[in-house]
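Colleague: Below is the structure I would like to discuss, written out as structure tokens.
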Amino acid sequence: MPDFDLGGIDIAIILVYIVATRIIGFIVGRGKKDSDDYFLGGRNFIWPLIGLSLLATNQSGASFIGLAGSGYNNGIAVYNFEWLAAVALIFFVIFVLPFYLRSRVYTMPEFLDRRYGHNSRLAFSGFLIFTNVFVDLSVALYGGGIVLQTLYPEVPLWVSIVVIAALAGMYTIFGGLQAVVITDTIQGIVLLIGGTIVAVMTFMAIPSWSAVEEAAPPEAFSLIRPLGDELTPWPGIFTGAVILGFYFWCTNQVIVQRTLGARNLDHGRWGALFAILLKLPILFIMVLPGTMALVLYPDLDNPDLVFPSLAFDLLPIGLRGVILAALLAAIMSTVDSILNALSTLVTMDFVRSFRPQTTERSLVYIGRISTAAFMIFAMIWAPQIANFPTLVQYLQSVLGYISPPVVAVFFVGLFWRRINAAGAFTTLAVMVPLGIAAFFPVEVFGLAGVHFLYVAFGSFVLILQL
């Protein structure tokens, strides 16, 4: 194992980066008293900001850690979830985004309100709040906690999680989406540069590519896996994984909120397509370094330590600080994005719905309070993720159980006018809790052996038949 000691230069680089991005966030976000400004950045984002913000939000620190860990543990099969994102985003920009922008909504549940009625809006908003807190936000905080605990093993995991949450939340609470998108743009650039440096140094460190082929099992370099594969069995790629991709990229408030703030439809579309272009090299920047690490560290107990190990083992003092700054940037980018989305959901779907007379200043204030509250909930749950093999497996398996009802309601509602409000609300109110109830006995307690991708597709088909 490498020595995880930081030099003084590394610490200085990290501190300067953190302080600089916090200051930028505060400056950009100060004086946001209008809900349109606070929650959607005044609907004036241009496509480069949208694309880089989408990348930084999606490729979080959990992705740095989780994708490399999965590359070490399972080979390149995890990349299936990345290239499928391109398919989902192309579908999104052609068919879905025009509906969203024409309706001028703040949230995805608000869009359901216009299609199905208020009950569906509240049900879906509650679902998004649950998943954003206990899936997306918790994963990001856990990834950050792992990094800090690697540097300072004597510090408990929960303390590391609290530190990450505080660093990311401080300017999100005050600055709103514009502060988030501007800092995300900076962090997206740092993320790509840092990941590329580690990938190149890893390739230079291995004796040869044939050494990687000898160290890794034969199936490690195949995207198409057998029926019984633990991560991506091949039928699941073309069934359940597609459903997960459509949920994440077309209906998830955290992601879609950036395009809702686009200056116009063209900027929203170009930004999403730019994000696709930035995501395609992820195989080489984040996944393959984990697989190559099998040559360097054949006996790692925890696959999620691969990326920190590569950074500390291969990079000189000074450059380590840049890479860790990139890693912390990715983590905080995701955390701030999720927190802003959560405050938008609470304020626009619940407060404004039940108290339409609430002033703009009060809406922003309530958004800030809810941001802090959700941050605390996620900090409490995040340490439980340690019970799963890798971060990626936790994230994808949870979505496999709870996202099919959402995808069914959205896409059937968009393209088939005959579905009614009662059917949509029943689907969300009944099938989502059933998915949550099934997740714990199957994935947490191991009482059944069915793969989560098969569960996702089976649930989706069943819902369509109801």
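Colleague: Conditions: (1) at pLDDT below 80; (2) buried (at least 24 other Cβ atoms within 10 Å of the Cβ). P109 meets all but one. Number of the miss?
Modeller: Going through (1) at pLDDT below 80; (2) buried (at least 24 other Cβ atoms within 10 Å of the Cβ) one by one, P109 breaks only (1).
Colleague: Give the residue, chosen from V159, V147, V212, V155, that is modelled with pLDDT of 80 or more, within 21 Å of I11 (Cα to Cα) and touching a helix residue (DSSP H, G or I) at 6+ places or on another chain (Cβ under 9 Å).
Modeller: V159
Colleague: Since L97 meets every condition but one in (1) open to solvent by less than 10 Å² (accessible area, probe 1.4 Å); (2) touching a Leu at 6+ places or on another chain (Cβ under 8 Å); (3) under 16 Å from P289 (Cα atoms), which condition does it not meet?
Modeller: So the condition that L97 fails would be (3).
Colleague: Residues A68, A85, A123: which one is assigned to a helix (DSSP H, G or I), open to solvent by 20 Å² or more (accessible area, probe 1.4 Å), of a type in the set (A, V, I, L, M) and touching a helix residue (DSSP H, G or I) at 6+ places or on another chain (Cβ under 8 Å)?
Modeller: So the residue among A68, A85, A123 that is assigned to a helix (DSSP H, G or I), open to solvent by 20 Å² or more (accessible area, probe 1.4 Å), of a type in the set (A, V, I, L, M) and touching a helix residue (DSSP H, G or I) at 6+ places or on another chain (Cβ under 8 Å) is A123.
Colleague: Which ranges mark the helices (runs of 4 or more DSSP H) fully within the range 256-315 that have 2 or more residues being over 19 Å from W209 (Cα atoms)?
Modeller: Passing ranges, in order: 265-279, 306-314.
Colleague: Answer yes if at least one residue in the range 243-260 is of a type in the set (D, E, K, R) and under 15 Å from F92 (Cα atoms), and no otherwise.
Modeller: yes
Colleague: Where in the range 198-253 are there helices (runs of 4 or more DSSP H), lying wholly inside it, with at least 3 residues that are of a type in the set (G, A, S)?
Modeller: 209-215, 240-250
Colleague: Out of A56, A62, A20, report the one residue that is assigned to a helix (DSSP H, G or I), surrounded by 20 or more Cβ atoms within 10 Å (Cβ to Cβ), hydrophobic (A, V, I, L, M, F, W, C) and at pLDDT 75 or above.
Modeller: Criteria check complete, one pass: A56.
Colleague: Further, regarding this structure: Condition first: open to solvent by 40 Å² or more (accessible area, probe 1.4 Å) and touching a residue at least 60 places away in the same chain (Cβ under 8 Å). Now tell me which residues in the range 353-375 satisfy that.
Modeller: E360, R361, R368
Colleague: Suppose we keep only residues that are touching a helix residue (DSSP H, G or I) at 6+ places or on another chain (Cβ under 7 Å) and at pLDDT 70 or above within the range 162-176. Which one would you say is farthest from I146 (Cα to Cα)?
Modeller: L167
Colleague: Mind listing whichever residues of the range 348-366 are outside any helix (DSSP H, G or I) and of a type in the set (S, T, Y)?
Modeller: Hits for the range 348-366 are T358, T359.
Colleague: For the range 67-78, check the following and say yes or no: at least one residue is farther than 19 Å from A216 by Cα, of a type in the set (V, I, T) and touching a residue at least 40 places away in the same chain (Cβ under 8 Å).
Modeller: no
Colleague: Then there's this: When the residues of the range 95-107 are narrowed to those that are in a helix (DSSP H, G or I) and touching a helix residue (DSSP H, G or I) at 6+ places or on another chain (Cβ under 8 Å), which ends up farthest from I276 (Cα to Cα)?
Modeller: Among those residues, the one meeting the criterion is S103.
Colleague: Shifting gears a bit: Under the condition of being open to solvent by 80 Å² or more (accessible area, probe 1.4 Å) and more than 20 Å from V135 (Cβ to Cβ), which residue from the range 436-463 is modelled with the lowest pLDDT?
Modeller: L447
The values are calculated or read from the model by the stated rules, or taken from the named source; none is laboratory data. Just so it is clear, the model here is predicted, and its values are computed rather than measured. FYI the Cβ positions are ideal-geometry reconstructions off the backbone, even for glycines, and counts take in every protein chain you see. Ligands, DNA and RNA are stripped out before the accessible areas are found, and what is left, the full protein with its side chains, is counted by its heavy atoms. Shrake-Rupley method; radii C 1.70, N 1.55, O 1.52, S 1.80 Å.
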